[in-house]
Amino acid sequence: MSFQNIQAQFEAEFENIQKKLNGQSGSDFNTIRKESFVKFKQLGIPTVKHEDWKYSNLKNLDKIQFSFNAKSNFSKSDLDALPFSSLEGISICFVNGVFSEQLSQLGNTPKIKVLTLEAAIEQIPNVIEKHYGSYIETEKEGLSALNNALSNSGSVIVIDENYVLESPIIIRYISDVKTADIAVNIHNLIVVGKHSEAKIVEIFQTEGEKTAFSNLVTEIFVDKDAIAHYYKIQDENDQSYHVGTTQVNQEDKSYFYSATITLNGGFVRNNLNLVLNGQYIDNHMYGLYIPNGKQHVDNHTLVDHKMPNCESNELYKGVLMDSSNGVFNGKIFVREDAQKTNAYQNCRNVITSDTASMNSKPQLEIWADDVKCSHGTTTGKLNDDAIFYMQSRGIPKPEAIRLQLVAFAEDVVSQIKIEELREMLDSMIENKLK
């Protein structure tokens, strides 16, 4: 499969970035850019011939002419009209890939730094040198290599040691596609220091009906005895293409919790990769996706148990309506040294129409012998007996179906630790399931 048009656009954008560097072309940071772009050209855009992209086809990207620097007049009143706008916390906002100072509330303190990528390179170069790009896989993932090469914006968040951050950190991504098709590459770095705790929320939203191609990377480093809660919320239009990779590195006795909630999006690919680099690590991965129409949602997860005495728990749930498509590929690796590992994975799906489809592939690779591991997946329709029972109690059939689907989704939403966010999601999910 050829991607000549879109790859030519990426090459032109890379050349534009190089021309604007103003004497910084030889910097260490730009060296990473150049090396990453060489890797991207070698790997290319993934096709259905790649095993991990077997059910997810990006071919229509090649038909679109993208703007990499689309202007936007998106304002505070526009933001207030979108869902989740009232969610309170430290916030950083990007509109069409560009940091918006007007829409952000950084809230820097001596214990927390919330910076743009450009500011972090100048103010905390030691953090950038140690962590930036250190965890993401660019040798095999062409789009991650592309992100490294083209991202000229993003956020860098550093929580110092021994600090509990009560307010959530909210990263908003607005795609303003009222007048142009846009392409965005954003790279974030989040460092949670030893004995600290933080909640991070990423929210993706679209304004307009044209196409946005978002290629995003978020690297999260959770240091010893640290706690991180991470929520990814997607509510984008039916023309959008979203490829997002969240790469997490955990150290001894750390705790990581994630919930990935996909409400809307034309083509969604979420990669969530966790590497357990210490002992007594605990992590929990939850996911919920509710595609309708012709929406396509693909969740790929990976948990790499490298050390002993760790536990991972994973639950993903999907409700697939109309002619939508879902994909789940969950991998668990248990290395030879990772004795006493407990690893559990479950994917459950409900299909509400004859034209929706789900492809699920759980995987376990175990090289240790003293472990407890399990994985499973189910895909089916709602229980007709339960629906009939509810009808016999006077509940109309459409309402009986909706109530069952809401209860099915609640297993994931109820785990969210930010009450205000949980209530907003409950309302939006109920409305969509009507």
* State yes or no: is Phe333 part of a strand (DSSP E or B), within 12 Å of Asn359 (Cα to Cα) and outside the structural domain of Asn60 (by TED's automatic domain parsing)? => no
* Asked: Is it the case that segment 32-52 has a residue that's out of contact with any helix residue (DSSP H, G or I) (no Cβ under 7 Å at 6 or more places or on another chain) and closer than 26 Å to Val201 by Cβ?
  -> no
* Asked: Which residue pairs have Cβ atoms closer than 7 Å, lie 6 or more positions apart in sequence or on different chains, and pair a first residue in segment 390-409 that is under 17 Å from Asn431 (Cα atoms) with a second residue that is of a type in the set (Asp, Glu) and modelled with pLDDT of 90 or more?
  -> Val406/Glu430
* **Val268 within 22 Å of Pro46 (Cα to Cα), crowded, with 22+ Cβ neighbours inside 10 Å and under 13 Å from the mean Cα position of the chain (by Cα)** => yes
* Among what's in segment 392-406 and is over 11 Å from Leu433 (Cα atoms) and in a helix (DSSP H, G or I), pick the residue that is least open to solvent (accessible area, probe 1.4 Å). => Ala400
* **Conditions (1) in a helix (DSSP H, G or I); (2) farther than 20 Å from Asn292 by Cα; (3) open to solvent by less than 70 Å² (accessible area, probe 1.4 Å); number of the one not met by Phe388** => (3)
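One line per residue, one yes/no per condition, for (1) β-branched (Val, Ile, Thr); (2) within 21 Å of Leu106 (Cβ to Cβ); (3) modelled with pLDDT of 95 or more:
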position	(1), (2), (3)
Ser175	no, no, yes
Ile190	yes, yes, yes
Gly193	no, yes, yes
Ser196	no, yes, yes
Val201	yes, yes, yes
Phe221	no, yes, yes
* Sole residue being of a type in the set (Lys, Arg), farther than 29 Å from Ala12 by Cβ and in contact (Cβ under 8 Å) with a residue 24 or more places away in the chain, chosen from Lys178, Lys140, Lys130, Lys194 -> Lys194
* Hey, Val201 part of a strand (DSSP E or B), open to solvent by 10 Å² or more (accessible area, probe 1.4 Å) and assigned by TED's automatic domain parsing to the domain that holds Asn264 or not -> no
* For residues that are open to solvent by less than 10 Å² (accessible area, probe 1.4 Å) and of a type in the set (Ser, Thr, Tyr), tally how many sit in segment 271-304. => 2
* To do: For segment 18-54, name all the residues that are closer than 19 Å to Tyr241 by Cα and either in contact with a Pro (Cβ under 8 Å, 6 or more places away or on another chain) or surrounded by 18 or more Cβ atoms within 10 Å (Cβ to Cβ) (or both).
  => Phe40, Ile45, Pro46, Asp52, Trp53
* To do: Take the residues in segment 224-265 that are farther than 21 Å from Leu425 by Cα and out of contact with any strand residue (DSSP E or B) (no Cβ under 7 Å at 6 or more places or on another chain), then tell me which one is surrounded by the fewest Cβ atoms within 10 Å (Cβ to Cβ).
  => Lys224
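The values are calculated or read from the model by the stated rules, or taken from the named source; none is laboratory data. Since this is a predicted model, take the numbers as computed values, not measurements. Heads up, the Cβs are rebuilt from the backbone with ideal geometry, glycines too, and the neighbour counts pull from every protein chain shown. Side chains are part of the model used for accessible areas, which takes the heavy atoms of the whole protein and leaves out ligands, DNA and RNA. Shrake-Rupley method; radii C 1.70, N 1.55, O 1.52, S 1.80 Å.
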